[in-house]
Structures are given as C-alpha cells and as structure tokens.
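Let me begin by presenting the structure, written as structure tokens, before commenting on it.
The values are calculated or read from the model by the stated rules, or taken from the named source; none is laboratory data. A quick note: this is a predicted structure, and the numbers were derived from the prediction, not measured. Positions of Cβ are backbone-derived with ideal geometry, glycine not excepted, and every protein chain shown enters the neighbour counts.
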Ligand SMILES: [Zn+2]
C-alpha cells in the first residue's frame, strides 16, 4: 500500500492510496489525474445544481438534506421538462391526426376540449411540482416517474377526464393512446 501524490486536472495535488498490481495502479493514477479532485468535483456539482435550480424555491430541510434534494430536484425537473414538452408536441399534432379526423363531429369537439383541459392541467401540475420546497418530498420521490408525479395526480383529482377519454376513444385504440400518451395510458384502468 503506497500513497501517490496525484496532480488533478483542477490543479490540486491530492494524496491517494492505490491498491492492486502496478499496472492497475498506473491506470488508476492516469484516470484520477484527468479528473478534478474530490472537493472541486463536489463544488462543481453543487454549482450545476444551483444553476439548474435558479428561479425555484429555496428548499427546507437540514444542510445535508438540502444538498441531496437539490440534486434530485434538478434531475427530476430536467426529465419532467423533456417529457412534458414531448407530450405537448404530440397533443398539438392531434387535431390533424387520422384518429381524430375519423371521429364524428361531436366526439371530435369533445376530444379537442379534453386535450386542452389535459394540457392546461399538466402545465399547472408541473408548476405545483416546481413550487415544492420540502426536501423530504423530493427525497421521497427521487425514483418517481412522470406518471407518478404528473399524470396520476391529474387523473386522481379529475376522474371525469378519465371517463371522458374512455367515452371518446375505444380501449386500446390509437386515439386513447394519443389522448393519454404512453405514460398516461398505463394509468388508465383496463388499458
Ligand atoms: Zn481541486
């Protein structure tokens, strides 16, 4: 067991204990030298989370919880933003879709109203999630999906939307899948 003084990419020299045969230690030494030291890396990650969290409420919790929850929040919000943008894109294309044009005029009107309602409620729910300031909430939801965080609460508090979607579109139809999108569809019972 030997201590190696490694000159990191950030300019700091830090002592590391490297184990294993000489060849492995050389490789580890080279890999470590290409990285910033541990404290610089921690600082860089905190900074990145800080930038991603700009405009969000300050989190409530212990210093340790805040550091962890900030990383989780930045991660989850990036995923939510990407998925919601894709979902809205799909909904915007719906009026021109084959599945909607095949509906009777009545049902087409209902489908468009449902779509507008779903879109508004989705965006409102995203704002609600962004406003969540409790570290505990973010930590508890660190493995949650967009379905858990966005879609399921919308349908749980608006059961009439679910009923309407099922009335307009046949179970398993392309239209229902589009109304709901893949993420939402999995929350539709019997789908
Ligand atoms: Zn450093």
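Does residue 42 qualify as being away from the ligand (no atom under 16 Å from the Cβ), modelled with pLDDT of 85 or more, assigned to a helix (DSSP H, G or I) and within 36 Å of the chain's Cα centre (by Cα)? So residue 42 does not fit the description; no.
Being over 19 Å from the mean Cα position of the chain (by Cα) and outside the structural domain of residue 149 (by TED's automatic domain parsing) is the filter here; which residues of the stretch 45-88 pass it? If the condition is that a residue be over 19 Å from the mean Cα position of the chain (by Cα) and outside the structural domain of residue 149 (by TED's automatic domain parsing), then 47 is the only one that fits. With respect to the conditions (1) at pLDDT below 85; (2) more than 16 Å from the ligand (Cβ to nearest atom); (3) part of a helix (DSSP H, G or I), residue 66 lacks only one, and its number is (1).
Cβ-Cβ contacts under 8 Å between residues 6 or more apart (or on different chains), taken from a first residue in the stretch 20-37 that is over 14 Å from residue 7 (Cβ atoms) to a second residue that is assigned to a helix (DSSP H, G or I) and away from the ligand (no atom under 16 Å from the Cβ), are listed as 20/28. Residue-level analysis places residue 95 outside the set of residues that are modelled with pLDDT of 90 or more and either out of contact with any helix residue (DSSP H, G or I) (no Cβ under 8 Å at 6 or more places or on another chain) or over 30 Å from residue 7 (Cα atoms) (or both). Among the residues of the stretch 77-96, is any more than 16 Å from the ligand (Cβ to nearest atom) and in contact with a strand residue (DSSP E or B) (Cβ under 9 Å, 6 or more places away or on another chain)? Looking through the stretch 77-96, none of the residues is more than 16 Å from the ligand (Cβ to nearest atom) and in contact with a strand residue (DSSP E or B) (Cβ under 9 Å, 6 or more places away or on another chain). Taken over the stretch 10-32, residues that are within 13 Å of the ligand (Cβ to nearest atom), exposed (fewer than 13 other Cβ atoms within 10 Å of the Cβ) and not in a strand (DSSP E or B) amount to 1. Identification of helices (runs of 4 or more DSSP H) wholly contained in the stretch 116-191 with 1 or more residues that are in the same structural domain as residue 90 (by TED's automatic domain parsing) and modelled with pLDDT of 85 or more yields 135-140, 152-157.
Of the residues making up the stretch 53-65, those that are under 17 Å from residue 139 (Cβ atoms) and surrounded by fewer than 17 Cβ atoms within 10 Å (Cβ to Cβ) are 56, 57, 58, 60, 62, 63, 64, 65. Hey, any hits in the stretch 81-104 for a residue that's within 30 Å of residue 62 (Cα to Cα) and surrounded by 12 or more Cβ atoms within 10 Å (Cβ to Cβ)? Yes, the stretch 81-104 contains at least one residue that is within 30 Å of residue 62 (Cα to Cα) and surrounded by 12 or more Cβ atoms within 10 Å (Cβ to Cβ).
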